[in-house]
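Colleague: Next up is a structure, given as structure tokens.
Coordinate-derived values only; no laboratory data. Keep in mind the model is a prediction, meaning the values are calculated, not measured. Please note: Cβ atoms are built from the backbone with ideal geometry, for glycine as well, and neighbour counts cover all protein chains shown.
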Amino acid sequence: MSFVDAPMTPLDEVRKSPSRLRSLLSFLRKHPQAAIGFVILMLFVFVAIFGPYFAPYGEREQVGPIFGTPSSAHPLGLDDGGIDILSLLIYGARVTLIVGFAGAVVAMLVGGSIGIISGYFGGKVDNAMMRTTDYFLVLPDLVLMIVVASIWGRSLRNIIIIIGLIYWTFMARLIRAQVKVVRERAYVKRAQALGATHTRIIFKHVIPQIAPLLLAQTVLMVALAIFLETAISFLGLGDPSVASWGKMIETAFSRSAISYGAWWAIAPPGIAVALVIMAFNMVGTAAEDSLNPRLRVSHLARRHFRLRPLPDKEPPK
Amino acid sequence: MTEPLLKVDDLVVHYPAGRKRVVHAVDGVSLTVAPGEFVALVGESGCGKTTTAQAIMRMAKVTAGTITYRGRDITTFSQRQMRPIRHEMQLIFQDPYESLDPRFRVRDTVIEPLQIHGVTDNREERVRAALERAGLTPAELYIDRYPHELSGGQRQRVSIAASLVLEPTLLLADEPVSMLDVSVRAGILGLLDELRKSGLGILMITHDLSTAAHYADRICVMYLGRVVEEGPAHEVIRNPQHPYTKALVSVVPQPDPDRATKPQILQGETPNPVNVPSGCRFHPRCPVAEARCQNEDPQLRPVGNDGQQAACLLI
Amino acid sequence: MTPVLAIEDLHVWFELPGNKELHAVQGISFELEPGERLGLVGESGCGKTTAILAMMGLLPPTAGAAGKIILDGEDILGGGDDTMRPHRWNDISMVFQGAMNAFDPVKTIGSQIQEPIVKAKLAEGKAARLRTAELLELVGISGSRQDRYPHEFSGGMRQRAAIAMALACNPKVLLADEPTTALDVMVQAQILELLVQLTEDLGLAMIMVTHDLPLVSQVCTRAAVMYAGEIAEIGTTHDLYHEPLHPYTRMLFSATPDLLAEQAVRSIPGAPPRLDQAIVGCPFQPRCDSALTVCAHEAAPLRTGKDGHRAYCHLKDTV
């Protein structure tokens, strides 16, 4: 005699479970800042991709005097070379965002791999990798940036490498912690008991579990990467041939924009960087909040339940 | 007498615990499981029953002793050598809520063992057959579900199906029902009982003496890394010989409130396996300990009737 | 004797997303005498933990409650949190499920037990320490250990400390939610012996919530069996075992392996009903082995036995 429990929900109700779109919409409703952040981001991404096609002026096109004041033709004024700042901003968006993404992806790939291997295998491997991570963590970022830039030259590729070098350690530690948790779960031990290879377990069980959080943290990392890129360029260690926002600020400073009173050469790129970082942060933290249940603290709120009147007794049928 | 499926001889599993201290998780355990036999390994936390199961599955390092599976000594088998054995020896976990990957559908969980062991023919058939053998009929109703859509009892059946799909000969079940509701437990245990009748050997780890009494053919009682008593379930429960078994049986709550029990409540708790008492390891808590119990370490000897054994100096 | 606690038609609802609600407790009523040990038995989802959380007023903002919780003659539910708070811990306290794992690891056990004492202004400073030592001795822990940290205590001792904390302000009623679930059978016996002794020595009334029927038979004098948010049957543990009025009680006992008896163990097929939808008729009917046709349509009426033994069932004969 075989015995059957009744299913928890009837099959037809299961098929009607909320579609991806509905879950996304309910997520946005619970985290309005994510929606705002997302909109801002999409704006910048749009500008980065399509901007150069409708930027009013060229990247190196001198259209007026040095540090020309903002006017109707040039709403953000002109920089030290007489180039329209609004156009520069648009071109710069592409560079900044690409470098930010690429740097974060490098950090995620390197840090993620090390974190997974470290967290999964534990023991001596873990120790060795964490000691290496510690060394990198302790290296002063500024010194590292200067050394890399001086030895390998100033280029976009090197900026991306620097960002990866500096940030992979954070990723590695975060991922390692999560992998350690997943590794102890019963279904992973079951797979081991079955004789599954490590590769199989990592790719089929561990990575799918940490992927969402990994993605959320990569988004947050992009914000950091953009900030770092701006800093690198501002210090003059960036690629001199490419106009990123950091470069714009650096140029403005080195060409004495301040003594000219040309705030419009400094403020727009600075505000743009701040906005993008803030937007990434809003989306990233909202994603992290919803994916990591331990971050939820609303259940610690005061206990104010509602009093209701007694329901009417069921009339006998 | 048929050759036992599993024979464990003087198994010892010690873990280092920093600075010359050793955790005596398992300190000399012997047991056998024959085909079609249901053996319960009973004890409180810290007695080493889970470590014993892990050692048998070769998921824990064996310090000494031998584990023989179907006549072959697997004690020092490497992971590669264990692969074909793992085909036949399956483990069912305690927690139905954590033992299924939440991202895998039921089909994916049950088919995984086949994928790992390279069984390619009739996979879908085998999955259905395993689900139905585990009581999930009709299989179509369950095969595409995610674990969160199933109840605890159903999830445990999926775990069992995943264990059955490779047609094992030996099942190790670690507290298979302790996290399930009472009304559901009998169904799962009944399923294990049927599997036993169809020839599987079952080694069940549990702290629940009542469950062991009802379903097991034989019970091994463990305390601090040793088997202190073992024998036919009926005898161990009704004629316990070892003082620890006697105390354990006496404190199990009875459903009939009028059945007066004289609970023999031992004081204190099981000592830390790092500090195993000298002589008989139970002597500090034993209600009838004598002076010599501090010095001599008793071994399992036949007592009572019917193949019962106990490790006590005073019997 | 006037009951120290009387629950009258208690309802609890939880808001669910999508404008639905879960009717977790559907009108339970019972009385608790001083010094009595009452068992509240049921499986997961039956509403027993929600019921006692309601008695403590520890329901979340998504909850709604109705009915009366009469403590020493006063309806403390009536004013919401304002009427519940003064009594919380002072007159009615709770040992939570998993309480032994709920201690703050960076504070000593003693300081955590002192918290409710100081907060209720019963004592402070040295007097509070003295009182804490007394409480620990009461539960079988040496008073000098109050300056130790939770990790230095074993599971069983932490559970005792949790009980000591619940007794800090001399309550009249103690609610224990699965007090021995994660403990070994020997430690369980110790804790149960302690609880029995405390109720007898202090005149404390206790409600013990558990899914373990034999435990209730051993420790409690009366028990209420809950199913789908309602009390299916309530009576002395003797009557529940020997003369149950509700099939669920009988089937629950049959599903519990008994160490010595030889009867077959039978599981109960099916699953409890959903509580976010209205239930027509008796909630247990789909799983009941003695269901009549009327059970699916009409709510179960009251059946009474002797001495306050009652159940809600259509059947007329003993089950």
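Colleague: Does the stretch C:153-217 come out rounded, prolate or oblate by the C-alpha gyration tensor, with a ≥ b ≥ c the root eigenvalues, rounded set by a/c under 1.5 and, if not, prolate when a/b is larger than b/c and oblate if not? Let's see the in-between values first.
Modeller: On the way: a/c = 1.75, a/b = 1.22, b/c = 1.44.
Since a/c reaches 1.5 but b/c is at least a/b, the shape of the stretch C:153-217 is classed as oblate.
Colleague: Okay, moving on. For the stretch B:248-315, what does the alpha-carbon gyration tensor say about shape, rounded, prolate or oblate, given a ≥ b ≥ c as the root eigenvalues, a/c under 1.5 as rounded, and a/b over b/c as prolate?
Modeller: On the way: a/c = 2.38, a/b = 1.41, b/c = 1.69.
Oblate, because a/c is 1.5 or more while a/b does not exceed b/c.
Colleague: If I model a spin label at C:GLU74 and A:ILE98 as a point 7 Å from the Cα along the Cα→Cβ vector, what separation in nanometres do I get?
Modeller: Calculated label separation equals 7.4 nm.
Colleague: Next up: No solvent, one uniform scatterer per C-alpha: report log10 I(q)/I(0) for the stretch B:113-262 via the Debye equation at q = 0.09 1/Å, two decimals.
Modeller: Once normalised to I(0) and log-transformed, intensities are -0.37.
Colleague: What is the spin-label model distance, in nm, from A:ILE49 to A:LEU275 if the labels are put 7 Å beyond Cα along the C-beta direction?
Modeller: In this crude label model, A:ILE49 to A:LEU275 measures out at 1.9 nm.
Colleague: Something else about it: Determine the relative contact order of chain B: mean sequence separation of Cα pairs under 8 Å and six or more apart, normalised by residue count, in whole percent. Walk me through the numbers before you get to the answer.
Modeller: On the way: 610 pairs, mean separation 66.8, N = 315.
21 percent.
Colleague: What is the gain in length, in nm to one decimal, between A:VAL125 and A:LYS180 on full extension, counting 0.36 nm per residue of separation less the C-alpha to C-alpha distance? Could the numbers behind the result be given before it?
Modeller: Values: separation 55, 0.36 × 55 = 19.80 nm, distance 1.34 nm.
Here the segment from A:VAL125 to A:LYS180 would lengthen by 18.5 nm.
Colleague: Scan chain A and report its longest stretch carrying no GluC sites (Glu not before Pro) that are both in a DSSP loop and have at most 16 other Cβ atoms within 10 Å. It would help to have the intermediate numbers written out before the result.
Modeller: Values: sites that count: A:GLU59, A:GLU61, A:GLU184.
The longest uninterrupted stretch comes out as A:185-317.
Colleague: Starting from 0.36 nm per residue, how many nanometres of slack lie between B:ALA260 and B:GLN81 once their C-alpha separation is accounted for? Don't jump to the answer; show the numbers that get you there.
Modeller: Values: separation 179, 0.36 × 179 = 64.44 nm, distance 5.37 nm.
Separation in residues times 0.36 nm, less the Cα-Cα distance, equals 59.1 nm.
Colleague: On to the next question. Between the stretch B:49-96 and the stretch B:110-133, what is the C-alpha centre distance in whole Å?
Modeller: So the two Cα centres are separated by 22 Å.
Colleague: Separation of the stretch C:166-191 and the stretch A:208-283 by C-alpha centroid, Å?
Modeller: 59 Å
Colleague: What residues from the stretch B:33-53 fall in the zone where the backbone N is under 15 Å from a label point 7 Å along the Cα-to-C-beta line of B:GLU3?
Modeller: Label zone hits: B:33-35.
Colleague: Please report the relative contact order for chain A, taking Cα pairs under 8 Å with a sequence separation of at least 6, and give it as a percent rounded to a whole number.
Modeller: Details: 399 pairs, mean separation 72.1, N = 317.
With pairs under 8 Å counted, the relative contact order is 23 percent.
Colleague: While we're on this one: Quick one: C:THR256, A:THR218, C:THR221, fewest Cβ neighbours within 10 Å first, how do they rank? Don't skip to the end; give the middle numbers.
Modeller: Values: C:THR256 23, A:THR218 20, C:THR221 15.
Ascending Cβ contact count within 10 Å gives the list C:THR221, A:THR218, C:THR256.
Colleague: With N set to the residue count of chain B, report its C-alpha Rg divided by 2.2 N^0.38 Å to two decimal places.
Modeller: On the way: Rg = 20.4 Å, N = 315, 2.2 N^0.38 = 19.6 Å.
It is 1.04.
Colleague: Find me the longest stretch of chain C that has none of the exposed trypsin sites (Lys or Arg not before Pro), where exposed means in a DSSP loop (not H, G, I, E or B) with at most 11 other Cβ atoms within 10 Å. Before the final figure, lay out the partial values.
Modeller: Details: sites that count: C:LYS121, C:LYS306, C:LYS316.
That gives C:122-305 as the longest site-free run.
Colleague: For a paramagnetic label modelled at 7 Å from the Cα of C:ALA182 toward its Cβ, which residues of the stretch B:18-46 fall within the zone defined by backbone nitrogen distances under 16 Å?
Modeller: B:45-46
Colleague: Here's a follow-up. Calculate the translational D of the stretch B:1-160 in whole µm² s⁻¹ from Stokes-Einstein, where the hydrodynamic radius comes from the Kirkwood formula applied to all Cα pairs, the temperature is 25 °C and the viscosity 0.890 mPa s.
Modeller: Details: Rh = 17.8 Å.
Taking Rh from Cα pairs, D becomes 138 µm²/s.
Colleague: For the stretch A:43-93, what does the relative contact order come out to in percent, with C-alpha contacts under 8 Å and a separation of six or more?
Modeller: On the way: 81 pairs, mean separation 21.0, N = 51.
Computed over the stretch A:43-93, the figure is 41 percent.
Colleague: I would also like to ask the following. Kirkwood hydrodynamic radius of the stretch A:46-196 from all distinct Cα pairs, in Å? List each step's numbers first, then the result.
Modeller: Working: mean 1/r = 0.0530 Å⁻¹.
Result for the stretch A:46-196, one decimal place: 18.9 Å.
Colleague: Something else about it: For A:SER23 and B:GLN299, what is the calculated FRET efficiency with R₀ set at 60 Å and r taken between the beta-carbons, to the nearest 0.05?
Modeller: 0.45
Colleague: In Å, what Rg and Dmax follow from the Cα atoms of the stretch C:7-146?
Modeller: 17.7, 54
Colleague: Just subtract the alpha-carbon distance of A:SER259 and A:ARG60 from 0.36 nm times their residue separation and send over the number in nm, one decimal. Walk me through the numbers before you get to the answer.
Modeller: Values: separation 199, 0.36 × 199 = 71.64 nm, distance 2.33 nm.
Gain in length upon complete extension: 69.3 nm.
Colleague: Can you show me the helix-derived [θ] at 222 nm for the protein assembly as shown, built from DSSP H runs with n ≥ 4 at -39,500 (n - 2.57) apiece and divided by the number of residues, rounded to the nearest 500.
Modeller: On the way: 32 runs with 395 residues, N = 951.
Estimated from H runs of four or more residues: -13000 deg cm²/dmol.
Colleague: Same structure again: Using DSSP to call loops (not H, G, I, E or B), can you name the GluC sites (Glu not before Pro) in the stretch C:48-141 whose Cβ has at most 15 other Cβ atoms within 10 angstrom? Walk me through the numbers before you get to the answer.
Modeller: On the way: sites: C:GLU74, C:GLU124, C:GLU134, C:GLU137; in loops: C:GLU124.
Qualifying residues, ordered by number: C:GLU124.
Colleague: If you don't mind, there's one more thing I want to ask. Note down the magnitude of the dipole of the protein assembly as shown about its Cα centre, charges +1 on Lys and Arg C-beta and -1 on Asp and Glu C-beta and zero elsewhere, to the nearest 20 debye. Please report the intermediate quantities before stating the final value.
Modeller: Working: 92 positive and 96 negative charges, 472 e Å.
The calculation lands at about 2260 debye.
Colleague: Anything over 18 Å Cα to Cα? Flag those among A:LYS30/A:LYS180; B:LYS49/B:LYS197; A:LYS189/B:LYS61; C:LYS48/C:LYS68; A:LYS180/C:LYS107, in the order listed. Write down the numbers at each step before the final one.
Modeller: Details: A:LYS30/A:LYS180 30 Å; B:LYS49/B:LYS197 24 Å; A:LYS189/B:LYS61 15 Å; C:LYS48/C:LYS68 16 Å; A:LYS180/C:LYS107 27 Å.
With Cα atoms farther than 18 Å apart: A:LYS30/A:LYS180; B:LYS49/B:LYS197; A:LYS180/C:LYS107.
Colleague: How high is the FRET efficiency from C:HIS242 to C:GLN277, r the C-beta distance, R0 45 Å, rounded to 0.05?
Modeller: Values: r = 36 Å, r/R0 = 0.79.
My answer for the efficiency is 0.80.
Colleague: For the protein assembly as shown, what proportion of DSSP beta bridges, expressed in % and rounded to the nearest 5, is antiparallel?
Modeller: Numbers: 60 of 99 bridges.
Antiparallel bridges make up about 60 percent of those DSSP assigns within the protein assembly as shown.
Colleague: Restricting to DSSP loop positions (anything but H, G, I, E, B) with no more than 13 other Cβ atoms inside 10 Å of their own Cβ, which GluC sites (Glu not before Pro) remain in the stretch C:221-264?
Modeller: Passing sites in the stretch C:221-264 are C:GLU262.
Colleague: Per the Kirkwood formula on distinct C-alpha pairs, the Rh of chain C is how many angstrom? Please list the in-between numbers first.
Modeller: On the way: mean 1/r = 0.0484 Å⁻¹.
For chain C, the Kirkwood estimate is 20.7 Å.
Colleague: Another question about this same structure. Classify the protein assembly as shown as rounded, prolate or oblate from the Cα gyration tensor: take a ≥ b ≥ c as the square roots of its eigenvalues, call it rounded if a/c is under 1.5, otherwise prolate when a/b beats b/c and oblate if not.
Modeller: Working: a/c = 1.93, a/b = 1.54, b/c = 1.25.
Prolate, because a/c is 1.5 or more and a/b exceeds b/c.
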